[in-house]
Amino acid sequence: MSEFKYKKIGKGNDFSKLIIFLHGYTSNIDDVLPYAEMLAKHVNNALIVMPEADMVSERHADKRQWYALNDLDPDRRRRK
């Protein structure tokens, strides 16, 4: 099982809300962080967690993706 890099926004330890903020295709945590910070200002008592996909983007080496769009079998498992 993969371990994901993530960032979180929230003060304290007693939260009544959990928001999981996912980035999009060819994006990463840093791209969505400003939006999560803005959201945190308007939602009280919430923990916002932003995981980063563990797969490097097929289009941009410094970006991430949750699954492959160009090659749906990158490890060639179905072709053996």
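The values are calculated or read from the model by the stated rules, or taken from the named source; none is laboratory data. These figures come from a predicted structure and were not determined experimentally. All Cβ positions, even for glycine, are placed from backbone atoms using ideal geometry, and neighbour counts span all protein chains on display. Just so you know, the surface numbers come from the protein's heavy atoms only, side chains and all, with ligands and any DNA or RNA stripped out. Shrake-Rupley method; radii C 1.70, N 1.55, O 1.52, S 1.80 Å.
What's the magnitude of the charge dipole for the chain around its Cα centre, counting Lys and Arg as +1 and Asp and Glu as -1 at the beta-carbon? Answer in Debye, nearest 20. Show your work: numbers first, answer last.
Numbers: 14 positive and 12 negative charges, 45 e Å.
My answer is approximately 220 debye.
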> Over the chain, how many percent of alpha carbon pairs lie in each 10 Å bin up to the one with the longest distance?
Replying inline: 18, 39, 26, 13, 4, 0
>> Need the list of lysines near Lys41 for cross-linking: C-alpha distance under 29 angstrom, and skip anything on the same chain fewer than eight residues off.
In response: Lys5, Lys7, Lys8, Lys11, Lys17, Lys63
>> Suppose we keep just the DSSP beta bridges with both residues in the chain; what percent of those would be antiparallel, to 5?
In response: 65
> With r defined as the distance between the Cβ atoms of Lys8 and Met55 and R0 fixed at 22 Å, what FRET efficiency is calculated, to the nearest 0.05?
Replying inline: 0.55
> To the nearest 10 square angstrom, what accessible area does Phe4 show with a 1.4 Å probe?
Replying inline: 90
> Got a sec? Charge dipole of the chain, +1 on Cβ for Lys and Arg, -1 for Asp and Glu; which of Ala68, Leu22, Leu39 is way out at the positive end?
Replying inline: Ala68
>> Compute the helix-to-body angle for 29-40: its Cα long axis versus the longest principal axis of the chain, expressed 0 to 90° and rounded to tens.
In response: 30
